[in-house]
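Everything on this sheet refers to the single structure shown next.
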Amino acid sequence: MMSAAGRAAAASRQVSCRKVVDGLLGAIGLDEGQESAYRALVALGAAEVPDLAHRLALPVPQIERALRELERHGLAARSSARPGRWVAAPPGVALGALLTRQRHGLEQAELAAARLAAEYRAEAAEPAVHDLVEVVQGASAVAHRFHQLRMGAEKEVCVLAPGRDQGVAGTGTGVEDRAPVRGVAHRVVIEREVLTLPRGVREASTALARGEQVRVAAEVPTRLVIADRTLAMVPLTARGAEPAALVVQASGLLESLTGLFEAVWREALPLRLGAAGAAEEAGGIPDATDLEILSLLLVGMTDASVAKHLELGLRTVQRRVKGLMELSGVTTRLQLGWHAYERGWVAR
């Protein structure tokens, strides 16, 4: 008889397998009804249309359409022994063939993209002035273009994120949760006001955990995204108007925008956050919570704001700051800041 641990492991494998199949069937264009029909056929081995319709509580015509679509993808076949009966293709064989086909399709798409990129670079060696700037209008179009720009980066993405919405890439903080782009560095400067937003500190901490570099400035002049120093996006409309943005290609304007980012980056203060409460005290070194408090205070947040966003009591924050001052042997917070930099408690 299978143990509880064995049953849990088996259930986990079934869930993992189901997720893989879900992703694959969705990728080849099967809807929920077609997927359900295939699952039922796999479970039964073979079935007739009325039986499947009854089992899935779906109309017979819908089941018939679903089976024809499964047949087209090689996932089901009509029984030669009994007319009207359908059998499932072995998942290992059928899905393996689909994976191979998708893999081949992706390889061909990558080759085509590389050829087009080479042609584009050759044609764009001397671009016309009016081709250097593209106007993108509408919230969905702006968000889609931002996604393309970020996902297409190969080396680095630089972001300026003010505390107010300026229309580029939605209304996020600039460090919101997203799938990481492997091998691409991220440098983000957020306005101090961002840390006072409901999810500001948590999103900044998540970004740092992903390996991004985050700095904080008292003010950020505009929302800006630069990819590989070859493309940039800046807002075109004021708050309240229909979202629009400029996409700027390699030009003097792009160099100016890059210079703006670098100037703001140099003046901004590095942010250090971690897992609050993780004890790291050893030989007079502050723990993780102390360092979070210190980092947030150094970028200009008040004791009350720090307490709120780290979910600590105000007295706890003040007590920890006093403890840091005693540990450093200083009498003022200004001295504490210098001491923290000298000791390497916060990034320079």
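The values are calculated or read from the model by the stated rules, or taken from the named source; none is laboratory data. Quick caveat: nothing in here was measured; it's all calculated off a predicted structure. For neighbour counting, all protein chains shown are included, and Cβ atoms are generated from backbone atoms with ideal geometry for every residue, glycine included. Heavy atoms of the whole protein, side chains included, go into the accessibility calculation; ligands, DNA and RNA do not. Shrake-Rupley method; radii C 1.70, N 1.55, O 1.52, S 1.80 Å.
Take Glu134: with every protein chain present and a 1.4 Å probe, its accessible area is about 70 Å². Per residue, the accessible area of the stretch 282-340 comes to 51 Å², computed with a 1.4 Å probe over protein heavy atoms only. Split the accessible area of the stretch 35-111 by element, probe 1.4 Å, and carbon with sulfur accounts for 57%.
Solvent-accessible surface of protein heavy atoms, probed at 1.4 angstrom with all chains present, puts Asp290, Asp31 in the order Asp31, Asp290, largest first.
Of the peptides 292-298, 84-90, the ranking by mean beta-carbon count within 10 Å, highest at the top, reads 292-298, 84-90.
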